[in-house]
Amino acid sequence: MSFEENYKIYVEKMSSAFRAHGIDVANEFFLLSETALAAAKNGNWLQAVGELKDGLEHALGEKLNSSHRFLKTPYVRDFTFDGGEKLSIAIVNEQSSEWYGRDGAEHAFDFLLESKRGLFVNSKRYLDLGGHQMIWACYYALQPSTVEVVSFEPSILNVAIGKFNCFLNAVISKINIIPFAILASNSSEGDENSKMLVDFMNIPLRGYRIDRMVDLNFDFVKTDIEGYELELLKCACYIGILKHARYSHLELHLGHLYGSGVGGDVWISRLEFAGLDGAELYSGRDMFEFLAEASPKGFYSFILE
């Protein structure tokens with residue numbers, strides 16, 4: 001697909017996401033100038049990412065809380081991994097700088113270990129719950145057999161930066177972002193708002209029930225939703241999606257719920273109820289053995305098969 005075709009899709013998908021949140025996009029702030037596009041086509045994205053930042057400042061304004069900070073001079077960081085794989089990331093705000101701009105940031109990219117273990121081989125469809133700025137989604141989309149990545153992300157700020165990353169990596173046509181929080185099939189947006197953590201946003205959270213997706217068959221599922229996974233582990237639809245997948249990456253944020261009286265025994269019971277089995281990502285230890293000894297204030301990643 002040509003650069004021009006990718007840009008057209010990028011503009012259409014950005015517009016759709018902002019309309020879904022009821023944000024006026026009449027000024028088309030996300031359009032890039034001809035000079036920025038010409039430079040980007042030749043591999044220089046500096047002006048384009050600067051225009052993205054300026055547009056987001058204008059469009060979101062009071063919708064961002066006081067703790068959020070855009071970088072004065074945003075930039076693009078290019079990664080080259082073992083084996084020659086490449087991934088580019090727009091570093092637009094302080095959070096993206098802290099997470100993806102620091103030295104050694106790639107050591108937190110769990111997808112590299114999962115790829116090395118062959119978990120993505122022949123995977124065509126990915127479900128990415130908690131897409132953030134679409135770093136994981138872009139990597140999934142860059143795999144040779146990928147047809148589609150469906151990603152859920154409730155922060156319109158992260159959605160916008162994430163769509164730029166999709167354009168930057170030329171995978172915008174393969175990644176479909178649902179710009180809402182994932183909800184269990186028996187939930188409603190109003191019931192679940194208090195359980196969601198959404199970075200920097202002052203606008204109401206919007207949710208989308210998991211059973212509203214037309215095609216529930218995915219080869220690989222990633223779940224990183226800051227504690228709401230405990231609710232999903234009661235959802236028959238979500239459990240069915242995990243059991244159909246070849247592999248799943250499940251992050252358990254015990255620490256987020258510990259202060260509410262949720263201990264490790266609750267997590268173990270919920271996983272047993274769901275009938276799931278797996279191993280801790282790094283040690284390879286059985287999931288239940290690991291959780292039985294783990295700190296109830298910790299955050300852990302597991303691979304389900």
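The values are calculated or read from the model by the stated rules, or taken from the named source; none is laboratory data. As the structure is a prediction and not an experimental result, all values here were calculated from the model. Note: ideal-geometry Cβ built from the backbone for every residue, glycine included; neighbour counts use all protein chains shown.
Condition (residue is at positive phi, crowded, with 17+ Cβ neighbours inside 10 Å and either touching a residue at least 60 places away in the same chain (Cβ under 8 Å) or touching a His at 6+ places or on another chain (Cβ under 7 Å) (or both)) applied to region 120-131: is it met by at least one residue?
Within region 120-131, the subset at positive phi is 122, 130.
If we keep only those that are crowded, with 17+ Cβ neighbours inside 10 Å too, we end up with 130.
From what's left, either touching a residue at least 60 places away in the same chain (Cβ under 8 Å) or touching a His at 6+ places or on another chain (Cβ under 7 Å) (or both): 130.
Within region 120-131, one or more residues are at positive phi, crowded, with 17+ Cβ neighbours inside 10 Å and either touching a residue at least 60 places away in the same chain (Cβ under 8 Å) or touching a His at 6+ places or on another chain (Cβ under 7 Å) (or both).
There is no residue in region 13-35 that is touching a residue at least 12 places away in the same chain (Cβ under 8 Å), farther than 25 Å from residue 155 by Cα and crowded, with 17+ Cβ neighbours inside 10 Å. Among the residues making up region 108-117, those that are more than 14 Å from residue 87 (Cβ to Cβ) and outside any loop (DSSP other than H, G, I, E, B) are 113, 114, 116. Among (1) crowded, with 24+ Cβ neighbours inside 10 Å; (2) polar (S, T, N, Q); (3) outside any strand (DSSP E or B), where does residue 151 come up short? Among (1) crowded, with 24+ Cβ neighbours inside 10 Å; (2) polar (S, T, N, Q); (3) outside any strand (DSSP E or B), the lone unmet condition for residue 151 is (3).
The residues listed here are 20, 26, 39; of these, the one that is among the aliphatic types (A, V, I, L, M) and at pLDDT 95 or above is 39. Looking at region 275-287 only, could you name the residues that are exposed (fewer than 15 other Cβ atoms within 10 Å of the Cβ) and farther than 23 Å from residue 108 by Cβ? Selection gives 275, 277, 286. Taking strands (runs of 3 or more DSSP E) as the structural unit, those lying wholly within region 236-305 and holding at least 1 residues that are of a type in the set (Phe, Trp, Tyr) and within 19 Å of residue 224 (Cβ to Cβ) correspond to 247-253, 299-304. Residue 206 satisfies every condition listed in (1) within 30 Å of residue 32 (Cα to Cα); (2) modelled with pLDDT of 95 or more except (2). Inclusion of residue 76 among residues that are in contact with a Pro (Cβ under 6 Å, 6 or more places away or on another chain) and either among the basic types (Lys, Arg) or in contact (Cβ under 8 Å) with a residue 24 or more places away in the chain (or both) is not warranted. With respect to the conditions (1) assigned to a helix (DSSP H, G or I); (2) under 19 Å from the mean Cα position of the chain (by Cα), residue 61 falls short on a single one, namely (2).
Of all the criteria given as (1) over 30 Å from residue 107 (Cα atoms); (2) assigned to a loop (DSSP other than H, G, I, E, B), the one not satisfied by residue 84 is (1). For region 20-35, the count of residues that are more than 17 Å from residue 163 (Cα to Cα) and in a helix (DSSP H, G or I) is nonzero. The one condition from (1) buried (at least 19 other Cβ atoms within 10 Å of the Cβ); (2) part of a strand (DSSP E or B); (3) under 20 Å from the mean Cα position of the chain (by Cα) that residue 95 does not meet is (2).
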